[in-house]
Every structure is written in C-alpha cells, then in structure tokens.
Amino acid sequence: MKRLVIGILAHVDAGKTTLSESMLYLSGKTQRLGRVDNKDAYLDTHDLERERGITIFSKQAIFHIGQTEITLLDTPGHVDFSAEMERALQVLDYAIMVISGADGVQGHTVTLWRLLSMYKVPVFLFVNKMDQHGTDREALIDELKGQLSKDIVAFDRQDEQFLEELAMCDERLLETYLNSGKMEKSQIRSSILERRVFPCFFGSALKLDGVEPFMEGMADLTVSPTYPEAFGAKVFKVSRDEQGNRLVHMKITGGRLQVRDAIGNGDWEEKVHQIRLYSGERFETVDYAEAGTICAVTGLSRALPGDGLGAERGSGRPILEPVLSYTISLPPDQDAREFLPKLRQLEEEEPELRIVWDNQLQEIQAQIMGDVQVEILQSLILGRFGVEVSFDAGRVLYKETITSTVEGVGHFEPLKHYAEVHLLLEPGEPGSGLNFALNCSEDVLAKNWQRLILTHLQEKDHKGVLTGSSITDLKITLVSGRAHNTHTEGGDFREATYRAVRQGLKEATSILLEPYYSFRLAVPEKLVGRAINDVERMYGTWEIVETNAEFTVLVGSAPVVTMRNYHQEVVSYTKGLGRLSLRLEGYKRCHNEEEVIQSIGYDAERDVGNPTGSVFCSRGAGFHVPWDQVKAHMHVEAYLKPERESQDSDLRALDRDHGDDLYDGDYSFLNTTANQGKRLGWNRRTVESDQQPKPSVKIQFVEPKETYLLVDGYNVIHAWPELKELADQDMDVARMKLLDALSSYQGIKNWQIIAVFDAYAVPGRLEEVSRYHNIYVVFTKEAQTADEYIEKFTYDHKKTYNIVVATSDALQQVIIRGAGSTLLSARELREEMQISHDQARKAYESRQRLRRANLEEVVSSDVKKRIEDITE
C-alpha cells in the first residue's frame, strides 16, 4: 500500500477546511459533511477553533483513496499562525494549495508558495468556490501562472492543448511527446515530484463538485517515498492531551519506532512510553510505527519542534518569525517568576510564540506574529491555567545590522582566568539572518576551543548597540584567539566571545531595521486617491496593477508599525467593499531610525548584562578596559591589518612639501583595512620610519561623475494626486505638466534628466528620443516597457554616470538597488523638487534685496561728501 503525508494549505477563508471535510466524506472516513459555520468540522477539534471558525492548530486525519493511505495534515491559514504551518511543511510528501476562485491569488498565498518552494514540497492546486458568480476559469489560470508558476497546468481537461502545455514544463516530457505524441504516466509523476509540473483542478468543495476527480488524480499522480533502514524522525509539533501528558508529534523518516525504544538527538536520550496514531480528536495506540507514519509519542520531555531524532538532522529556526512584542500583565496575586514556567509550556507548543523574561523590568514579554494571536493566547492561558491576563498595546520588534566589516576583540582575564577571541563581523544579505563560520588555524587555537566559541555564538540572542534589539543579517567568523594552558576554563571563552561581538558592533556602522508588510489593496475606483494617500502617509510604496469599472488594485509594501491597524480604516472608508491582504515581507531600513533610537533610549555601555569592554590583568588584579581601547591592550595580532605605519611619516613629509593645509593632517583617505576604533596605530609592533624604504605616494584626483535622473513617467503621474486627476481627463495635459516640472528642476539641479514613457502596446512603434526644453523625453519601442528601458540604461551606464531613478515600482526598485544606483520614490521626488524650488526662490529673493540696497549704503564717504557739496 502506498503511504503519503499530504498537507493542505490556503489563505484564510479560501475553503481549506471545507475541502478537507469533502475529501473525508467522499473517502468514507466520515458519514456526514462537517461545516465550519455549524462548528462540527472533523478537524476543528479545539473549542477556540469552533468558536472562531478558523484553524489555529495543525491536526491530522487518516483516510484511504483506493490502495493509497493518506495522512492529511490540516494547517492554519491565518497569517498570525504561519509558524505552526511552516513546521508542518518539513514532514510533507506533497501539499494541496487551495485557492479561492472568487478572490484569486492573495497575499498569504504568495508567502505559502514561497515556503513550499524553499522546502521543496511538490504541490497540487485546487481552485475552490468556482460555483460563485463572476469566477473566470481562464483568467484564474493566467493569474496563477503569472503570480505563482508558469508550470501550473489544468488537469481537469486532458485534451491536445493540455498535452502541449504539459510538455512545455519539462524537457523530458517534451521529448517523449514529440517522438510519440503521448506521455508516460511515470514521467508525469516524476515531473510532479521534482516540482517541474503543478497539477491544478477546479471545483466547489461545498457542493462536492470536482472533489472526487481531484482525489483520484492525486492518488494516481503521486509516488510513495523510499526511506532508509536506520531509524530517524522529525519532530514538528509539541502538545498536551486533556490529562496533561506531553505529546511529541513526529514523522518517522527511517526504520521503525517501537514502544520502549530509547531515542534522542545526540545530546539526550529518552524512552518512548506510548505511540499514538491520531485522526481528528481520536487516537489509537500501537506497538510500533513504520517509516512514513505521522505519530505522537509520550515519554520525551526534551524534544522540541524542529529536532531531528536518530539519523534525521534537525532543522534551523523558522523562516517566519514574530514581529510584535507585548507585555503580559498578571493579576496581583500571581508572581511573575512563578508563572513563567507555565508560559514556557505554551512556548513549546506554539512555534510562533516566544516568551521573554526582562530581568531589568521584572516583567514577562510575549513575542508573536499578530494581534489575533493575542486574543487566542489570552483564551489559552485562561483555559489551561485559570488565570486571566492582559496585554499592553504592543510594539514592533526592531532588529539591527551593520554596513561595514570590522574585527571584534574580546578579552577576559581576571586573576587565574584567560581567554581572547577575535571575530570578523561582515554585513550579510537582507533576510540571511546570522551565519557563523570558522577561519582559524589550529596552530593558533585548539579545535576544542574553536568549537566552544562557535557554540557560545549560537546559544545567545545577541543585542545590537543602537536600541538593544536582536542583530541579524551578519556573518560572524572566528579568525583568531588565545587560551592559557593553566588558567583557561570553558566559561572564560563565553565571556570573551560575547565581548568580542559587542566590541565589534560598537566599532561598526550599525543601522536599525523594522518589519515590512507586503500588501494587496482592492478599493472602489473612486477611492483610489484616498488609498494612495494613505500608503504614502504610512511611508509605503505602491503600484497599480489592475483597474476595472469597479475596483482598482494596488500592491506594494509599508512598515508594520504604520500599517498594522489599517484593516479597520479600509473597512470604514470603503463601507466594507475594500479588501486588504497582508503578508510579512521581511526587515528593511527603519523609516524613522533617529526617532525610534531616541524614544527607546538604550545605552549600550550601561547594559551590564551585555558588556562592550574587556577585562585584562595587571599586577595580580583584573581591570576593565573600555571597548574603544581594547585593541591597544589585546594580546593577539589583529586579523585585519592596517597599512604599514611607515606610510604615516611619508605622508607627513608630503604634507611639508605641499603645505600644511593640503590634507590638514588627516590621512583617513588611505582607507586602511582595519577598523581601529578611536585610537590609531593600535598594533603594538612599532617600526621607525627611517628604517624602511619610503614608498612612492601618488595622488589621484577623480573627476566627479555626471548625474542622470531617469523618471518613470506614467508611474509618477499616477502617484502624484494633481497629475492623476489631470490624467483621468487628459493624459497629454498631465504629461506636459510633469515635463514642465522636470524642466524647471533641471534648471536648478543641472542634472541630465530623462523622462521615460511606455509605448510598448503601440504596434510598429519605434523608440523615439526628443528634447523638451532642457530635458530628454523617451517613448519606448513596441514590446519594451519603461521599466526595461530604465533597467538597461542603468546597467549600461552605471560605471560612467551617477544614476538616480525615480519610480515607485516595487520590483524595479529591487533591480535598481541591485545595480548600485540611487533610488527615489515618486513621493520623494516630489518632496525633493519642492525643497529645491523653495531654496532657489529664497536665494533669488536674497539677491533681489541686495540689489535694492540704498545708494548711501554702497558709496564711499568721499563720494558722499562730493555729492553733498554739489547739492549745497
């Protein structure tokens, strides 16, 4: 018998639970159809789920389609419970993605698709609610291909066109089709398994329309995995039953698990007391579980979600992380320290929840994904522990990173202790998190000490130095260190490692990051101006992607802190007609960095729990050295070496030759590769300059590059309210208004300005470049968009000119940034032009005042006397 683990995923309200109920009913697992609105769904087993009508916890059901046994994992669809869903992805053989035919691809749908791609899970799609008025099958297929994958193929109509579409997804299928005019079923199964083809079916789960063909197709087009003989298991969830027993949910990924087996992850080992196979609320106990089985076991007190047991490797931290933090207020009769272990139980069970104890404030903080989770958490605490808690208004979780490469040094040497650590801190790619590496010779530091330092780097949530927020997007590499044969203990390297990170962060250039939402906003056409103004007010970027007689659709991104409560506004000003979907996009540069840093008021040098300085020893006693003086006292040679100190004297000689005011004694333009803190020449080994051959010093004067401003014309017109209003009546007038404004701006800035307009849809159109007063105007050729023209110009001339691009197109912004050019949003361009005009007007008025000065104020006293003599 074929055994499969299949997860079902969807944006909230797409009909995921309804499809699950239909599949269970048609397979004979249930005798009647459960309904979410009737609160009797088979897989909504928790009271909170029945009450709210949403899936909160992942659960499973076991049913059969012919000779195929399917364990269906139902996962939460709401974005606030995404981490629960993400853990389940790691144990899936296949996934079902449910799409609402009425709403199409929504914000969270894209996030789910991205996660499925990252975890390499093959996907079947079911487009639900096709019975609703206005659904268009062909339009939906085009949308799925455009926003998710071009390899999505409709399997509900297997005609000649279907075979041609299928063949275009995989070269092997194409070759077979061209040779024989058909394709082998085994090849199609292989292509689906390798994510080269994504079968798509259409129907209505509520009316059981199209569900049975979907189930048959899924059973026919899937392949049972092969597993190794050695035991392995992946933990994806921890829960507790009604009696309080700790249940560890896992998938057996190799061999067999039996009751009383001792299993572990290499650091610990415990015995299995019971093996349960759950289906809905009910379970049966078994003596063993074969590979491919999803089961829950008791007896494991140390297993956590993400752990790999036996031969299975553990997984890293979830990609989706909390972005909001709330302070939990307990009743007066509850002691926070005593209540903390109870909340730790919930933290084990909820991957999206992190409980933090703030020792300085003596309070408990909950880091979560969204506001809905607050209400669920309150209900869980009341139901589990009988305690009614409250939460504050909440705040955004900021993060910090660096923009420069530095060497951090930590030294810990109280009496009879010794450790020194050198770490290379380098900026990482956005979204890369923290990465750790070793690049240290065992001749310098023994392997066991290196591994210990790496452990200490990984065990701590390192704080930044701007606000005390967690650091991210860094690569930290151990490059050097030193231990003492007698005095070094394991804890010494912990202290030195932490101090090395902090010292490096103090020397580096740090920036503050904040979480951003990616949004899709559909509003009535007459309200699009209000929507655009709102997005601009929230410091967001936007783009109009769809317009019809009734609705206009905007997509873009905005900070979580400004957009987190925007749902209520949309409902209010659209009278319930607007639709807003959000997904977490990641962390970007904070839009009001200085304001946030000032309001938090964090002082890194007063944070006694995270010291920035080091401890050295002299005359039998330890003494503290501030972070900016550590490198003057360090014992190990620096990894990042400055230029030879002899150059310093040569430059002083050059200074004498060319005059004292040439560089004013500042030699920082040499750009030495070491970050030296406040003290120059911290390397202890000094060499007299007259003992070294003097290098020739060549001064190069670089001509400043000419600046080009490229403006995405129609994008800016639709972004500026006054131009948008004109464009609705006459696009030519709006275009001329924009060109006049840019022409005036060119006269002030003296930049070369190119306004680019789309003409890609005009048949036979050739590229046209013309002059409008002092600027250039480009109309693109047929089949070329303004985006493509700007991207090509930027790529071709990025080494020749300083290029500035004005656009609010989110995708184009990413490409332009990647090319190293400067970026202005449409709003920022407007503000910059206004500021320049104001400055020019003030300068003109100032000159006019000087010209109107009285004659007596500007003539000499002799001339004044002569004039007086003549007039007398």
Can you find a residue that is surrounded by 13 or more Cβ atoms within 10 Å (Cβ to Cβ) and of a type in the set (S, T, N, Q) anywhere in the range 307-315? yes
Which one is farthest from Gly310 (Cα to Cα) among residues in the range 190-239 that are in contact with a strand residue (DSSP E or B) (Cβ under 8 Å, 6 or more places away or on another chain) and charged (D, E, K, R)? Glu216
If you go through the range 505-513 one residue at a time, do you hit one that is modelled with pLDDT of 90 or more, part of a helix (DSSP H, G or I) and either open to solvent by less than 10 Å² (accessible area, probe 1.4 Å) or β-branched (Val, Ile, Thr) (or both)? yes
Mind counting the residues in the range 568-598 that are within 17 Å of Asp13 (Cβ to Cβ), open to solvent by 80 Å² or more (accessible area, probe 1.4 Å) and assigned to a helix (DSSP H, G or I)? 1
Is it true that Thr562 is under 30 Å from Thr405 (Cβ atoms), among the β-branched types (Val, Ile, Thr), open to solvent by 10 Å² or more (accessible area, probe 1.4 Å) and touching a residue at least 24 places away in the same chain (Cβ under 8 Å)? no
Taking Val553, is it open to solvent by less than 50 Å² (accessible area, probe 1.4 Å), at pLDDT below 90 and either on the phi > 0 side of the Ramachandran plot or part of a strand (DSSP E or B) (or both)? yes
Might you check whether a residue that is in a strand (DSSP E or B), at pLDDT 95 or above and touching a Gly at 6+ places or on another chain (Cβ under 7 Å) occurs anywhere in the range 181-199? yes
What do you reckon, is Ala755 surrounded by 13 or more Cβ atoms within 10 Å (Cβ to Cβ), in a loop (DSSP other than H, G, I, E, B), of a type outside the set (D, E, K, R) and out of contact with any Cys (no Cβ under 9 Å at 6 or more places or on another chain)? no
Checked the range 118-138 for anything at pLDDT below 90 and either within 21 Å of Ile192 (Cβ to Cβ) or in a helix (DSSP H, G or I) (or both); matches are Met118, Tyr119
Which count do you get for residues in the range 364-391 that are touching a Pro at 6+ places or on another chain (Cβ under 8 Å) and either in a strand (DSSP E or B) or buried (at least 17 other Cβ atoms within 10 Å of the Cβ) (or both)? 4
Taking Asp13, is it modelled with pLDDT under 85 and within 17 Å of Gly203 (Cα to Cα)? yes
Scan the range 337-363 for residues that are in a loop (DSSP other than H, G, I, E, B) and open to solvent by 60 Å² or more (accessible area, probe 1.4 Å) and report the count. 4
Has the range 427-435 got at least one residue that is modelled with pLDDT of 95 or more, aliphatic (A, V, I, L, M) and within 19 Å of Arg494 (Cα to Cα)? no
Which of the residues that make up the range 1-27 are in a strand (DSSP E or B), of a type outside the set (Lys, Arg) and under 14 Å from Ala61 (Cα atoms)? Leu4, Val5, Ile6, Gly7, Ile8
Can you tell me how many residues in the range 522-550 are in a strand (DSSP E or B) and surrounded by fewer than 17 Cβ atoms within 10 Å (Cβ to Cβ)? 4
Residue count, the range 142-174 (criterion: without any contact (Cβ under 8 Å) to a residue 40 or more places away in the chain and outside any helix (DSSP H, G or I)): 7
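Yes/no per residue for (1) crowded, with 17+ Cβ neighbours inside 10 Å; (2) touching an Asp or Glu at 6+ places or on another chain (Cβ under 8 Å):
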residue: Leu206; (1), (2): yes, yes
residue: Gly210; (1), (2): yes, yes
residue: Met215; (1), (2): yes, no
residue: Thr222; (1), (2): yes, yes
residue: Glu229; (1), (2): no, no
residue: Lys234; (1), (2): yes, yes
residue: Lys251; (1), (2): yes, no
residue: Gln258; (1), (2): no, yes
residue: His273; (1), (2): no, no
Listed residues Arg87, Arg137, Arg114, Arg172; which is among the basic types (Lys, Arg), open to solvent by 20 Å² or more (accessible area, probe 1.4 Å) and within 20 Å of Thr222 (Cα to Cα)? Arg172
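The values are calculated or read from the model by the stated rules, or taken from the named source; none is laboratory data. Because the structure is a prediction, the values reported are computed rather than measured. We place every Cβ from the backbone using ideal geometry, glycine too, and count neighbours over all the protein chains shown. Surface accessibility is based on the protein's heavy atoms, side chains included, excluding ligands, DNA and RNA. Shrake-Rupley method; radii C 1.70, N 1.55, O 1.52, S 1.80 Å.
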